[in-house]
Every structure is written in C-alpha cells, then in structure tokens.
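The values are calculated or read from the model by the stated rules, or taken from the named source; none is laboratory data. These numbers come from a predicted model, not from an experiment. Cβ placement follows ideal geometry from the backbone for every residue including glycine, while neighbour counts extend to all protein chains displayed. SASA here: full protein model, heavy atoms, side chains in, ligands and nucleic acids out. Shrake-Rupley method; radii C 1.70, N 1.55, O 1.52, S 1.80 Å.
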Amino acid sequence: MFEVQTSKIHDEARQGEALKPDGMRNPAAERLFFIESYGCAMNFADSEVVASILRKERMDITDDFTKADLIFINTCSVREKAEATVRKRLSEFRKLKKNKPGLLIGVLGCMAERLKAKFLEEEKLVDIVVGPDAYRSLPTLIKEADSGQKGVDVLLSREETYGDIAPIRLNSNGVTAFVSIMRGCNNMCSFCVVPFTRGRERSRDVYSIIRECTDLFEEGYREVTLLGQNVDSYQWYDEQSGKTVSFANLLEQVALVSPLLRVRFSTSHPKDITDEVLFTMKKYENICNYIHLPVQSGSTRMLQLMNRTYTREWYMAKVDRIREILPDCGLSTDTISGFCTETEEDHQDTLSMFDYCKYDLAYMYFYSERPGTLAARRFPDDVPLEVKKRRLAEIVELHRKYSLLSMQKELGRTLKVLIEGESRKSSDQWAGRCDSNKMVVFPKAGNVAKGDYVNVWIEDCTAGTLIGKIV
Ligand code: SF4
C-alpha cells in the first residue's frame, strides 16, 4: 500500500464510510436509505445533498445497511483501485438483495458518470445509476425502479450547483462542515477524470453560500471548509450589484459571518491563486493560514505532459510569494509518481521540489491510467509498476522527514486550537486543529467544550500529531 494520507480534508482515497444520521429523525419516513461515500470531500458533501433530497421523499437515513430499503454507494473514479473497491463492496450486497427482493441499489458519483448505463450491464444487482449533476432526478428514478424499470441519469449540467438545497450534515462532529462553492473543472490535466465525470466549472451564488455558512454558525458550527475542484477560479456575477464576485471577495464575505467562524478552503490551483486571496487571508484572523497547492510533479517536462499549465519555477515562485505574505502558512500538496515517460531525472526534480517546499502535509500516489483521459489517449503508461512504487516510496520517505520537522517546529509554542471533539485515543483528551491544520491533542481541563477555542502549549509531537496542554 503506497498511498499515504495524513488529514481528513483531502482524503481522495477515503475508504467507504457509512454516513450516520444527524440525529434528527423524519417522523413521516416510510422507508430507510443507507448511503456510503468514497473519495474526496466533494463526494461526501454531495452525499449530504442526496440525503436532503431523499428526506423530502418520506425517507430517512440509517447507518445499518441490513435495515435499509435503499442502498446508495457514492463512488470515486480517480484511480483504478477506487473503482475496484466499489465493485467489491457491491458484491457484498448481492446476498442481501437475494434475501430482500424489494431492496433497491443505486450507484452515484464519478464512477457512475464514467460508466453510465454500462454499469447496469456490468453489475446486474444495480437498479439506479446517477451522475454528480443529476441527484434531483433520484425521486423519479426510485419510483421507476420500484416498478421494475432500472434507471440512469448521467446528464452533466452547466448550471447545477444544488445551491438551494440545505445539506443534511452526516457523520458530523457538529463543529466543522464542508460547504461546496462550485462544481466541475475547466482545467484538463491530462491524467484526470474529473472534467469528464463532474463537467464544466460553475460557481454557486454567493448569497446561498453566505446563508449556509450563517446557518451553520447559528447551529454551533465553528469552522467551514469551502470546497471546489479549483476554488481560485470561483467567479459569480451578481446582478444585484452588477459586480463579479471573485474567490477573494467570497472568502472575505464568509469571514465576515463571524470572527468566531474559522474558514478553510480546498483545492487551489497554482496557476490561479492570487495575491488578492493571500492578502485577504492575511487581513482576517479567522481565515486559516493553510493552503493545499497540488504540484503533481517537480519536473517542468512532466508538468507540460500533465497539462498543468505552469513550470517548476512558476510553482516555486508561488510558494515563495505565499511564504512572503503569510510566513506561518501551512502548505500541503498532491504528487503523482511514474507518470508517462517519467525519467529518473524527472523524479529527482520532484524530490528536490520537496526539499524546496518542505510541505507540512502531502498526498502521494503513483500514476493510475484512467480510461478516456487525455493521457490514456495520447501517452504510453510506460513506467514499470515496481519503478512507480520505488519512486513513490522515496518521495514518502523524504516527505516524512519534512512533516516531522514541521511538527517539531511547533514545540514550545502556544497555538490557538478549535476543539473538534474527544481524541480518538482517550476520552480524557480533547482533539482539534490549529490554524495551519495540524492535529493537536491535550488533556481536558477547565470549563471548555467542543466548539470552543483554547490556547494550547505544545510540549511534544509525533509525525502526525502535536501534544500539549491548555494554558
Ligand atoms: S485541476 Fe486538474 S487534477 Fe484538479 S480536478 Fe481539475 S483536471 Fe483534475
């Protein structure tokens, strides 16, 4: 297993998670649905939209699939392994379906969009296939499937943002929440399926975003993460003011909801992140000093084949600019090893990029060819698997050195931490993250609770966690 993740926000390979109800029962519910999500935070946020749509159809959610009348898998297609995991999971429902004939099984998300009707041919137990832009058609498709007619809706949209649907918070700690601000992606990175499975970029209206963040704050949430494949290209024309709202403007408006509401965002694209965004982050204490800036490779030749539209030097200058304006900013990235025609020299460029950037966090993968992408159509997947794995292992090893250094630099400092809940290891400890997105655990003390901000003096650390005490 060569994939390493260290924080929940960007877990592209997050394993299937049964989504627990938010504790609010739907007294009018006649049927129960179970929803399991795979992949990135966008998919988890989409599952919360799906739950809201189904709740309005006299249904309620269960986290026990044996009790469900409908089972939905929200799928990921970013790597072959992600799809294999979904197929394996579906096979586990085969027996259940045999014993419960009325049970409906639906697949949602990027794999549904990539395979479309073919999914029904390949997986006979599946009744409904719905792409990321077609969740509003679920009630109709369910009615048709109830009468035995299998259904597919994989139409991609240029307008759909689900901005008018209040998501049902699932698996929520009641403190942090994702808020999707845009959908789709206009970049055509040659290795990526997202433009084909999530369609063209469209930004959600600023008023519905502010309303959702304000509602969350009033419900007790103290942190929102603004989500998009490429948040920096957020752009929404406001007919009322006749002005175009940029990502920096949106960030400012969310920060103004309350100084007690922390704001994070993901994912940025190196070619689009502006000084305006960096200075807005500097201006508001509650906009967290943390940027996820995928580099993918340290070699300009690879970046050109990947169609990332920037060079090694451009990316390094962007990192310099971030650190010039936001000295303590946490920085994380994504990398792909063993992309088509990658040489040892290209690989060394990626290693030296890690030496230069000294990332706090990193999501490191080896190249997995995706059907239909530009790379699959044009370039040979010619780097042998063992070479891909060896290069990835070298990057992981190097990164581990820098992420430990990044943790150690916090020793002896006092950090402001938002309590997200009890530590997984002990109910005598609180856990939460500091501004630069590092996890901190510390003994419970004083009269504080989940959702409170506390100052924590850092006395020790591991590679992934800071350890301290409230001061
Ligand atoms: S920016 Fe590139 S890698 Fe990211 S979602 Fe868009 S096409 Fe995919």
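What to note about this one:
- The number of residues in the stretch 248-270 that are of a type in the set (Gly, Ala, Ser) and under 19 Å from the mean Cα position of the chain (by Cα) comes to 2.
- Residues that are in contact with a helix residue (DSSP H, G or I) (Cβ under 7 Å, 6 or more places away or on another chain) and closer than 19 Å to THR75 by Cα, drawn from the stretch 153-167: ASP153, VAL154, TYR162, PRO167
- Here the helices (runs of 4 or more DSSP H) wholly within the stretch 260-377 that include at least 3 residues being touching a Phe, Trp or Tyr at 6+ places or on another chain (Cβ under 9 Å), within 14 Å of the ligand (Cβ to nearest atom) and of a type outside the set (Lys, Arg) are 300-305.
- Across the stretch 84-125, the qualifying residues are those that are under 26 Å from the mean Cα position of the chain (by Cα) and not in a helix (DSSP H, G or I), and the one among them that is farthest from ALA166 (Cα to Cα) is LYS116.
- Qualifying residue in the stretch 138-146 (condition: of a type in the set (A, V, I, L, M, F, W, C), surrounded by fewer than 21 Cβ atoms within 10 Å (Cβ to Cβ), more than 16 Å from the ligand (Cβ to nearest atom) and on the phi < 0 side of the Ramachandran plot): yes
- Residue list for the stretch 230-242, filter: open to solvent by less than 10 Å² (accessible area, probe 1.4 Å) and in contact with a Phe, Trp or Tyr (Cβ under 7 Å, 6 or more places away or on another chain): VAL231, TYR234
- Extreme residue, nearest to CYS213 (Cα to Cα), among residues of the stretch 287-306 that are within 22 Å of the chain's Cα centre (by Cα) and open to solvent by 10 Å² or more (accessible area, probe 1.4 Å): ASN289
- Count of the stretch 420-463 residues which are in contact with a Ser or Thr (Cβ under 8 Å, 6 or more places away or on another chain), of a type outside the set (Phe, Trp, Tyr) and open to solvent by 40 Å² or more (accessible area, probe 1.4 Å): 4
- The lone criterion from (1) farther than 18 Å from PHE44 by Cβ; (2) in the same structural domain as PHE265 (by TED's automatic domain parsing); (3) of a type in the set (D, E, K, R) left unmet by ARG183 is number (1).
Here is a yes/no grid of residues against (1) surrounded by fewer than 19 Cβ atoms within 10 Å (Cβ to Cβ); (2) more than 16 Å from the ligand (Cβ to nearest atom):
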site: ASN187; (1), (2): yes, no
site: CYS192; (1), (2): no, no
site: ARG204; (1), (2): no, yes
site: ARG211; (1), (2): yes, yes
site: ASP215; (1), (2): yes, yes
site: TYR221; (1), (2): no, yes
site: GLY228; (1), (2): no, no
site: THR244; (1), (2): yes, yes
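- With respect to the conditions (1) more than 22 Å from the chain's Cα centre (by Cα); (2) surrounded by fewer than 16 Cβ atoms within 10 Å (Cβ to Cβ), THR280 lacks only one, and its number is (2).
- Count - residues of the stretch 39-58 that are closer than 22 Å to LYS150 by Cβ and either among the β-branched types (Val, Ile, Thr) or modelled with pLDDT of 95 or more (or both): 5
- Lone unmet requirement of (1) surrounded by fewer than 15 Cβ atoms within 10 Å (Cβ to Cβ); (2) over 12 Å from SER297 (Cβ atoms); (3) at pLDDT 95 or above for ASP360: (1)
- Within the stretch 250-259, the set of residues being open to solvent by 10 Å² or more (accessible area, probe 1.4 Å) and part of a helix (DSSP H, G or I) comprises GLU252, GLN253.
- One residue from ASP328, ASP382 being modelled with pLDDT under 95 and acidic (Asp, Glu): ASP328
- The residue pairs whose first member lies in the stretch 281-300 and is assigned by TED's automatic domain parsing to the domain that holds PRO270 and among the small types (Gly, Ala, Ser), whose second member is in a strand (DSSP E or B) and at pLDDT 95 or above, and whose beta carbons are closer than 7 Å, counting only pairs six or more residues apart or on different chains, are SER297/THR335; SER297/ILE336.
- In the set (1) away from the ligand (no atom under 16 Å from the Cβ); (2) under 20 Å from the mean Cα position of the chain (by Cα); (3) assigned by TED's automatic domain parsing to the domain that holds GLU30, PRO132 fails one condition alone, (1).
- Taking the criterion of being farther than 16 Å from LEU351 by Cβ and polar (S, T, N, Q), the residues of the stretch 286-323 that qualify are ASN286, ASN289, GLN304, ASN307, THR309, THR311.
- When the test is whether a residue is out of contact with any His (no Cβ under 8 Å at 6 or more places or on another chain) and among the polar types (S, T, N, Q), THR267 does not pass it.
- Residues being buried (at least 23 other Cβ atoms within 10 Å of the Cβ) and within 15 Å of LEU392 (Cβ to Cβ) - total across the stretch 326-345: 7
Listed here are the residues, each with its yes/no results for (1) aromatic (Phe, Trp, Tyr); (2) in contact with an Asp or Glu (Cβ under 6 Å, 6 or more places away or on another chain); (3) within 30 Å of ILE470 (Cα to Cα).
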| position | (1), (2), (3) |
| --- | --- |
| GLU386 | no, no, no |
| GLY412 | no, no, yes |
| LEU415 | no, no, yes |
| ILE419 | no, yes, yes |
| SER426 | no, no, yes |
